Amino acid sequence: MLHRSALALAAALLTAAPAFAQKPTDLSARIAQLADQQQAQVIAWRRDIHEHPELGNQETRTAALVAAHLRKLGLEVQTGVGRTGVVALLKGGKPGPVVALRADMDALPVTEAAGLPFASKVRTQYNGQAVGVMHACGHDTHVAMLLGAAEVLSQMKKDLPGTVKFIFQPAEEGSLPGQEGGARLMVKEGVLENPKVDAVFGVHIQAQTEVGQLSYRPGGEMASSDVFTIKVKGKSAHGAYPWLAVDPVVTAAQIILGLQTVVSRQAQLTEDAVVLTVGMVHGGVRNNIIPEEVELTGTIRCLNKDMQQKVWAGVRRTAQGIAESAGATAEVDITNYAPITFNDPRLTQQMVPSLERAAGPANVRVQKAVTGAEDFAFYQEKVPGMFVFVGGMPKGKDSATTAPHHTAGFFIDESGLTLGVRTLATLALDYLSSK
Ligand code: NI
């Protein structure tokens, strides 16, 4: 009897053990196994999307492919969000918070030159020019990896303590002038509500980082992108009689140089980087006429909000002060195009072990800030979020000689995609389980 009851107890313990041990090791192993099983399918999706790239706000074929698969998984699917976006809900078997995973779907006006068998042959008119269309930033891989993660998490539905919201977003690279789109529009249309999202995660493939590696930066990871326009207004006169003019050309030249001191003399660069670039100078029609007005346009990149506010104030003060010293005026307009891609420090600290579990601790590193912008920042403005880079460079290659993002030779080693799937699924599961 004793013997039997001891056996029964042992058996009971054994059957209870898996449920007990399911956090986090068993479920991690399950994610790894399911992600591996998905590999061929994820690559097939990626190639299909790569061969049929669509520019921002035109991602109808991609959206249809995404929606069809998510419906097949039995998810609640909403289409036409933020124009062509797709949003799907996976409700887990247990109650809990809501975590969002996001992928962007748009391609770029770049003519592909990498010579792949599934290279894009799509051509279009862009800004009045005939050009190819190419997934030259790897958003095709983002769609494929998030579809893979949806598949993995769906198969673990009963174990999920909460809800996963999948966001397939259009137009990350920007919309045509005057057109709204991207993350900003999706947020405006309520993508973070109903149900309310508690945290958001996204990944970006990285063509200069070896396959198998993950990287992130706590705080400002990618820069805000602001556009400034300065109208320098003076007084026109014959070029031979400058004393009759208030010369906006010379004043604009002084302002261009003065603006550089906003960065070099006024920003505490030991804290974070700042970039200020004047990209356009327009004024004048003829060599011997001093024009009435010169217009300067440029971009400002910052990695923390305080510095951004100071740079904005510095640009205004410098432009207006220099103009005033010349007897001219400067009208300054600064518009924010994308906020800072800001990884919530607490959330980041909490989730680093998940990255280490997905990639192995030796393959996770803190990276330098990027002065490019990413519209994932619009979600992070509303809810805590984290954006992670996934390696896509073939092992052994030199990052200095691989084609950069947004160029015709851009190339991704597809063997890196499984780690992206694993990372997305692990972040979602671990976040839900932590609440
Ligand atoms: Ni991108």
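Within the range 178-199, the residues that satisfy the criterion of being open to solvent by 20 Å² or more (accessible area, probe 1.4 Å) and in contact with a helix residue (DSSP H, G or I) (Cβ under 6 Å, 6 or more places away or on another chain) are Arg184, Val187. The single condition among (1) basic (Lys, Arg); (2) assigned to a strand (DSSP E or B); (3) touching a helix residue (DSSP H, G or I) at 6+ places or on another chain (Cβ under 7 Å) that Lys231 does not satisfy is (3). Considering the conditions (1) closer than 30 Å to Thr79 by Cβ; (2) touching a Pro at 6+ places or on another chain (Cβ under 8 Å), Phe166 is excluded by exactly one of them, (2).
Considering the range 74-113, and only residues there that are open to solvent by 40 Å² or more (accessible area, probe 1.4 Å) and over 23 Å from the mean Cα position of the chain (by Cα), the residue that is nearest to the ligand (Cβ to nearest atom) turns out to be Ala113. Among the residues making up the range 383-402, those that are open to solvent by 50 Å² or more (accessible area, probe 1.4 Å), over 14 Å from Arg102 (Cα atoms) and either in contact with a Leu (Cβ under 8 Å, 6 or more places away or on another chain) or of a type in the set (Lys, Arg) (or both) are Lys395, Lys397. Quick one: is Met386 in a helix (DSSP H, G or I), within 29 Å of Lys157 (Cβ to Cβ), in contact with a helix residue (DSSP H, G or I) (Cβ under 7 Å, 6 or more places away or on another chain) and more than 16 Å from the ligand (Cβ to nearest atom)? Spelling it out, it is not the case that Met386 is in a helix (DSSP H, G or I), within 29 Å of Lys157 (Cβ to Cβ), in contact with a helix residue (DSSP H, G or I) (Cβ under 7 Å, 6 or more places away or on another chain) and more than 16 Å from the ligand (Cβ to nearest atom).
For the range 222-257, the set of residues classified as within 30 Å of Asp375 (Cβ to Cβ) and in contact with an Asp or Glu (Cβ under 8 Å, 6 or more places away or on another chain) consists of Met222, Phe228, Thr229, Ile230, Lys231, listed by residue number. Whether any residue in the range 314-322 is surrounded by 17 or more Cβ atoms within 10 Å (Cβ to Cβ) and in a strand (DSSP E or B) is what I want to check. Checked the range 314-322: no residue is surrounded by 17 or more Cβ atoms within 10 Å (Cβ to Cβ) and in a strand (DSSP E or B). In this structure, is Gly372 in the same structural domain as Val203 (by TED's automatic domain parsing), surrounded by fewer than 18 Cβ atoms within 10 Å (Cβ to Cβ), within 16 Å of the ligand (Cβ to nearest atom) and at pLDDT 95 or above? Taking the combined requirement at face value, the residue satisfies it. Across the range 403-417, the qualifying residues are those that are open to solvent by 10 Å² or more (accessible area, probe 1.4 Å) and of a type outside the set (Gly, Ala, Ser), and the one among them that is farthest from Met386 (Cα to Cα) is Thr407. Here Met156 passes the criteria (1) within 14 Å of the chain's Cα centre (by Cα); (2) farther than 30 Å from Thr335 by Cβ except the one numbered (1). Being in contact (Cβ under 8 Å) with a residue 12 or more places away in the chain and in contact with a Phe, Trp or Tyr (Cβ under 9 Å, 6 or more places away or on another chain) is the requirement here; does Thr329 meet it? No.
Restricting attention to the range 271-288, the residues that are part of a loop (DSSP other than H, G, I, E, B) and open to solvent by 80 Å² or more (accessible area, probe 1.4 Å) add up to 4. For beta carbons closer than 8 Å, sequence separation of 6+ or different chains, a first residue in the range 121-142 that is in the same structural domain as Trp45 (by TED's automatic domain parsing) and part of a strand (DSSP E or B) and a second that is open to solvent by less than 10 Å² (accessible area, probe 1.4 Å) and away from the ligand (no atom under 16 Å from the Cβ), the qualifying pairs are Arg123/Gly132; Thr124/Gly132. The set of residues from the range 178-207 being more than 17 Å from Pro384 (Cβ to Cβ) and among the basic types (Lys, Arg) comprises Arg184, Lys188. Examine the range 189-210 for a residue that is farther than 22 Å from Phe410 by Cβ, more than 16 Å from the ligand (Cβ to nearest atom), touching a residue at least 12 places away in the same chain (Cβ under 8 Å) and within 15 Å of the chain's Cα centre (by Cα), and state whether such a residue exists. Checked against the condition, which is being farther than 22 Å from Phe410 by Cβ, more than 16 Å from the ligand (Cβ to nearest atom), touching a residue at least 12 places away in the same chain (Cβ under 8 Å) and within 15 Å of the chain's Cα centre (by Cα), the range 189-210 yields at least one hit.
Yes or no, residue by residue, for (1) part of a helix (DSSP H, G or I); (2) open to solvent by 60 Å² or more (accessible area, probe 1.4 Å); (3) assigned by TED's automatic domain parsing to the domain that holds Leu276:
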residue	(1), (2), (3)
Met307	yes, no, yes
Glu331	no, yes, yes
Thr348	yes, no, no
Met351	yes, no, no
Ala362	yes, yes, no
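Considering the range 162-188 alone, what residues qualify as being within 16 Å of the ligand (Cβ to nearest atom) and among the hydroxyl-bearing types (Ser, Thr, Tyr)? Hit for the range 162-188 is Ser175, nothing else.
Quick one: would you say Ile340 is of a type outside the set (D, E, K, R) and buried (at least 17 other Cβ atoms within 10 Å of the Cβ)? Here the answer is yes, as Ile340 does meet what is asked. Against the test of being of a type in the set (Gly, Ala, Ser), open to solvent by 10 Å² or more (accessible area, probe 1.4 Å) and within 30 Å of Ala64 (Cα to Cα), the options Ser175, Ser236, Ser264 yield a single qualifying residue, Ser175.
Suppose the filter is more than 22 Å from Thr209 (Cβ to Cβ) and at pLDDT 95 or above; does Gly128 pass it? For Gly128, the condition - more than 22 Å from Thr209 (Cβ to Cβ) and at pLDDT 95 or above - is not met. Taking the numbered list (1) away from the ligand (no atom under 16 Å from the Cβ); (2) closer than 27 Å to Thr407 by Cβ; (3) buried (at least 24 other Cβ atoms within 10 Å of the Cβ) in turn, Leu146 passes all entries but (1).
The values are calculated or read from the model by the stated rules, or taken from the named source; none is laboratory data. Predicted, not measured: the structure shown is a model, and the values here were computed from it. Neighbour counts run over all protein chains shown; Cβ positions are idealised from the backbone, glycine included. The accessibility values were calculated without ligands, DNA or RNA, using every heavy atom of the protein model including side chains. Shrake-Rupley method; radii C 1.70, N 1.55, O 1.52, S 1.80 Å.
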